[in-house]
Amino acid sequence: MKVRVNPSVFRYHVERAGKTITAIGGDSNSARVLFNILTGQTSFTTMKMIRKFAKNMGIEPHELVPDEKMERLVRAFAEVE
């Protein structure tokens, strides 16, 4: 399942985390996905990626998807592996 993400929210949390894109991504493939989100090249990503980025930034997954409808989806699927 893929959900829409907000690049400006990701940029805010990446800056706040004070970590590199590679540190947040955890590996080169994930870092590439995160870079694409931050540069606005994609507006969708998987819940698995969102959970990974959120964990590495020390925030909750729903903070990365601010839209109210998407937030409900994130809350429903964030705990599912």
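The values are calculated or read from the model by the stated rules, or taken from the named source; none is laboratory data. Quick caveat, the model's predicted, so the values are computed rather than measured. No Cβ is skipped: glycine too gets one built from the backbone with ideal geometry, and neighbour counts run over all protein chains shown. The area values use the complete protein model at the heavy-atom level, side chains included, leaving out ligands, DNA and RNA. Shrake-Rupley method; radii C 1.70, N 1.55, O 1.52, S 1.80 Å.
List of remarks:
Yes/no per residue for (1) modelled with pLDDT of 90 or more; (2) among the β-branched types (Val, Ile, Thr); (3) over 10 Å from the mean Cα position of the chain (by Cα):
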site: PRO7; (1), (2), (3): no, no, no
site: GLU15; (1), (2), (3): yes, no, yes
site: ILE24; (1), (2), (3): yes, yes, no
site: ASN36; (1), (2), (3): yes, no, yes
site: MET49; (1), (2), (3): yes, no, no
site: LYS55; (1), (2), (3): yes, no, no
site: PRO61; (1), (2), (3): no, no, no
site: MET70; (1), (2), (3): no, no, yes
site: ALA76; (1), (2), (3): no, no, yes
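- Within segment 1-38, tally of residues that are open to solvent by 20 Å² or more (accessible area, probe 1.4 Å), touching a strand residue (DSSP E or B) at 6+ places or on another chain (Cβ under 8 Å) and not in a loop (DSSP other than H, G, I, E, B): 3
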